[in-house]
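Accompanying notes for the structure given below.
The values are calculated or read from the model by the stated rules, or taken from the named source; none is laboratory data. Everything quoted here is computed from the prediction, not taken from an experiment. Positions of Cβ are backbone-derived with ideal geometry, glycine not excepted, and every protein chain shown enters the neighbour counts.
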Amino acid sequence: VEKAKYFYRRHGASVSQTRNNPYYCFEDIMTYNECLLSRYSKNGVVPKYVQTLIINTFNWRVKSDMLLPYHYESELFDSAKERIKNILKQIDNDVIINHSNCDKYVKLYFLTQKGEFVSYNINNDGYKIFCQDITMYEDQTIDCYLYKVRPCNHEISIFASFESPLLELTPVNEYIVRGIYKNGEKFEERYSLDVSNVPFRNTKMKTAHTFPFTYTFDPTKVKKFSFYIHINGYDLTFKPIYIKFSGFVKKFHRNAITINGTRLSYSNHSFKVSHQNLIKDIFDILRTMWFYPRKHIFAIQYFRLKAKTNRKIWLYYDSAGVLDNGYFQFIHDFVKNDGIECYYIMDGDNSDLLSKFTLEQQENIVRYKSKKHKDLFLKSSKIFISFSSLSIYSPFKEFAWYSDVTHYELIYLQHGILHATLQNLYAKEFTEIDKFVISSNFEKENLKQNYDYLDNDFIISGMPRMTKFNQGNTKNKILFAPSWRQYLIGQLVNNRRALKTQEFLASDFYNQIYQFLNSKDLKEILEDNDLYLDFQLHPIFKPYQKYFDLDKNERVNFNFEKHSLDEYKIFITDFSSYQFDYIQLVRPIVYFLPDSKEFKAGLHSYRSLDLKYENAFGPLCFNSNQMIKEIKNIIEHKYIVAEPYCTRMQEFFTVSDNPAETIYNSIIDI
């Protein structure tokens with residue numbers, strides 16, 4: 001049927017939602033596709049429709065990073081990749097090239113994986129990419145993803161990246177900027193270009209490379225400029241692709257923005273720089289309203305911002321129901337006599353948190369998504385957040401409506417140390433973050449190497465809530481605080497999660513932890529050394545606490561109340577960010593990861609750590625017996641942190657005496 005469509009019934013507990021990961025089905029998928037090819041092959045020829053079915057499956061699995069069995073050990077993993085390549089070798093090139101669901105980068109990935117020679121040709125009309133005389137892709141320009149346009153002192157900074165199938169086939173190490181100064185003089189500048197470690201945005205699995213760059217110019221001197229990539233004697237210009245934080249929006253036909261009185265517009269492969277022009281601004285508004293059906297909403301917000309104000313407004317945010325680094329920075333900045341209006345944005349009914357604010361501070365608490373919040377948001381110059389999700393700090397559902405009229409600087413205070421591999425959430429390309437508050441050299445190097453941040457993007461101060469712990473408060477207690485597991489509980493729907501009790505009780509996560517907590521050896525260790533163990537189950541897993549049956553050992557208890565972290569002599573976790581508090585304290589840490597294969601497979605929200613276990617701060621255990629052995633060893637050594645862990649802890653943090661003051665001074669000077 002020509003216009004037939006698939007309609008999928010999505011359900012959080014369905015097989016398609018819970019068993020898609022290669023951990024459960026890689027062997028079945030490979031065997032099924034191998035059997036398809038074998039069964040329908042006639043004289044070595046497989047029908048096109050059979051090949052298309054296989055490519056369709058591989059395509060969506062590549063896009064969602066559900067193709068490779070990451071939980072396999074190295075030799076088995078290499079063997080699995082060979083099976084994939086052998087299947088691809090039986091797919092005709094034209095089936096891959098003409099597949100409507102595959103984008104150009106995935107097509108190129110499939111062709112190179114099957115070992116095909118892909119070539120290109122460049123001339124004055126553009127370039128073509130070939131595979132066995134079949135044109136795979138052709139264009140006249142290089143895609144330039146425009147992420148952010150920001151004021152930078154008296155200049156304007158553009159953060160973007162070049163991306164093209166052509167750049168996968170030929171080495172490129174620089175880009176060219178050609179333009180005209182306002183005095184009529186022409187200029188040409190060359191800048192180095194490096195490949196990024198951040199995955200290409202269209203797929204979760206890394207199939208292509210990006211080439212990020214930051215170009216900064218003086219709007220009082222530059223009149224016009226264009227970007228070029230030089231390949232084999234030819235200059236290829238750029239085609240902008242607008243990302244939501246850039247201010248430009250293709251579907252609104254918004255090709256111009258205004259920043260601090262400077263108008264930056266795009267047309268015919270060039271940016272034009274001019275003074276803000278009221279007539280052109282009104283024309284932009286009318287054109288946008290013409291293409292956008294809900295005209296009045298956009299117009300009201302746009303004209304509201306046009307009312308000039310000399311007010312300096314700073315906004316502070318945490319997650320709902322939490323007082324975190326946003327709160328601590330607000331408390332610090334509020335008392336400054338600097339003419340800045342500081343407002344803390346609070347989500348939901350949190351009357352129990354109001355006692356943490358003075359009466360004067362309470363007057364500057366604003367309800368999230370209220371009319372006042374929206375007005376302050378559009379007029380703000382600085383926004384401080386401890387959680388990076390746009391929905392936490394933006395009061396507008398469709399941010400693109402307002403992205404060209406907001407010119408605040410976004411300061412990410414963090415709510416912990418970023419140590420898990422979460423490029424799709426925190427890479428510079430995917431966030432609005434302008435300044436990243438960090439607490440260590442590890443973060444700085446990691447964010448530069450794997451997330452595309454630059455040295456001037458950091459404030460090295462420590463988080464505002466970082467204080468000196470009282471080393472004298474230690475009690476004879478052990479804290480065990482494992483994180484939750486995404487694959488062992490349902491997705492959040494209407495603020496509830498469906499339980500997966502059978503899967504939970506059958507998991508290595510549950511059984512190894514249960515065995516550890518109820519083991520005779522642990523009981524003897526605790527009794528012999530007058531120790532108690534607090535088991536702090538993650539709040540998301542609280543419905544499962546009844547299955548741990550801790551009544552057998554009076555020295556093992558659930559930890560329901562918030563105790564001071566410095567009470568504990570030993571800390572046990574898997575990958576929780578709690579560990580960094582104990583690194584500050586220089587206390588023994590033991591990592592317990594009973595479901596390592598499931599973790600590596602990506603069944604949780606991430607499958608790897610930027611701070612690898614081999615470079616971390618304690619031994620890694622996979623079962624109850626190993627845990628018992630490590631606890632005994634720590635006790636025998638008088639709770640002194642062993643090397644090399646002790647040195648790593650002592651050298652990890654770079655924290656100022658007053659982090660909030662350091663942050664304030666860094667921001668107030670910008």
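Among residues of the range 425-442 being more than 15 Å from the chain's Cα centre (by Cα) and hydrophobic (A, V, I, L, M, F, W, C), the one that is farthest from SER391 (Cα to Cα) is PHE442.
On inspection, ILE91 fails the criterion of being modelled with pLDDT of 95 or more, over 29 Å from the mean Cα position of the chain (by Cα) and within 24 Å of ILE231 (Cα to Cα). Among the residues of the range 131-140, none qualifies, meaning not one is in contact with a Phe, Trp or Tyr (Cβ under 6 Å, 6 or more places away or on another chain), more than 19 Å from GLU429 (Cβ to Cβ), buried (at least 21 other Cβ atoms within 10 Å of the Cβ) and not polar (S, T, N, Q). Here is a list: ARG178, ARG201. Which entry is under 26 Å from ASN123 (Cα atoms) and either assigned by TED's automatic domain parsing to the domain that holds LEU454 or surrounded by fewer than 20 Cβ atoms within 10 Å (Cβ to Cβ) (or both)? Going through ARG178, ARG201 in turn, just one is under 26 Å from ASN123 (Cα atoms) and either assigned by TED's automatic domain parsing to the domain that holds LEU454 or surrounded by fewer than 20 Cβ atoms within 10 Å (Cβ to Cβ) (or both): ARG178.
Sort through SER226, SER246 and tell me the only one that's buried (at least 20 other Cβ atoms within 10 Å of the Cβ) and within 31 Å of the chain's Cα centre (by Cα).
Working: SER226 fails: buried (at least 20 other Cβ atoms within 10 Å of the Cβ).
From the options SER226, SER246, the qualifying one is SER246.
Selection of the range 111-130 for residues being surrounded by fewer than 21 Cβ atoms within 10 Å (Cβ to Cβ) and either outside any loop (DSSP other than H, G, I, E, B) or basic (Lys, Arg) (or both) yields THR112, GLN113, LYS114, VAL118, SER119, TYR120, ASN121, ILE122, ASN123, GLY126, LYS128, PHE130.
Working only within the range 608-657, note down all residues that are among the basic types (Lys, Arg), within 30 Å of the chain's Cα centre (by Cα) and part of a helix (DSSP H, G or I). Steps first, please.
In the first step, residues of the range 608-657 are kept if they are among the basic types (Lys, Arg); the result is 612, 629, 632, 638, 648.
Pick out the ones that are also within 30 Å of the chain's Cα centre (by Cα) and you get 612, 648.
Within the range 608-657, just ARG648 meets the criteria.
Each residue in the range 643-661 was checked for being surrounded by 14 or more Cβ atoms within 10 Å (Cβ to Cβ) and out of contact with any Lys or Arg (no Cβ under 9 Å at 6 or more places or on another chain), and 9 pass. Annotation note: Cβ proximity below 9 Å between a residue of the range 96-107 that is surrounded by 19 or more Cβ atoms within 10 Å (Cβ to Cβ) and a residue that is in a helix (DSSP H, G or I) and acidic (Asp, Glu) (sequence gap 6+ or interchain) occurs for TYR105/GLU168. When every residue of the range 662-670 is checked against the conditions, none turns out to be outside the structural domain of CYS25 (by TED's automatic domain parsing), within 29 Å of ILE489 (Cα to Cα) and surrounded by 17 or more Cβ atoms within 10 Å (Cβ to Cβ). Residues in the range 125-170 that are farther than 18 Å from SER270 by Cβ, in contact with a Ser or Thr (Cβ under 6 Å, 6 or more places away or on another chain) and of a type in the set (Asp, Glu): 2 in all. All of (1) of a type in the set (Ser, Thr, Tyr); (2) in a strand (DSSP E or B); (3) within 23 Å of the chain's Cα centre (by Cα) hold for TYR591 with one exception: (3). Each residue in the range 198-232 was checked for being more than 28 Å from VAL405 (Cα to Cα), in a loop (DSSP other than H, G, I, E, B) and without any contact (Cβ under 8 Å) to a residue 60 or more places away in the chain, and 2 of them qualify.
Enumerate the strands (runs of 3 or more DSSP E) found wholly within the range 445-529, keeping only those where 3 or more residues are under 23 Å from PHE580 (Cβ atoms).
Working: elements: 458-460, 477-480, 489-493, 496-499.
Fully inside the range 445-529 and qualifying: 458-460, 477-480.
Within the range 650-665, is there a residue that is within 30 Å of TYR70 (Cα to Cα) and modelled with pLDDT of 95 or more? Checked the range 650-665: at least one residue is within 30 Å of TYR70 (Cα to Cα) and modelled with pLDDT of 95 or more.
Just one of (1) among the small types (Gly, Ala, Ser); (2) closer than 24 Å to SER666 by Cα; (3) surrounded by fewer than 19 Cβ atoms within 10 Å (Cβ to Cβ) fails for SER461. It is (3). When ASP194, ASP103, ASP125, ASP133 are screened for being out of contact with any helix residue (DSSP H, G or I) (no Cβ under 8 Å at 6 or more places or on another chain), assigned by TED's automatic domain parsing to the domain that holds SER64 and either at pLDDT below 95 or within 23 Å of ASP457 (Cα to Cα) (or both), only ASP103 passes.
In the set (1) touching a residue at least 40 places away in the same chain (Cβ under 8 Å); (2) surrounded by 14 or more Cβ atoms within 10 Å (Cβ to Cβ), SER564 fails one condition alone, (2).
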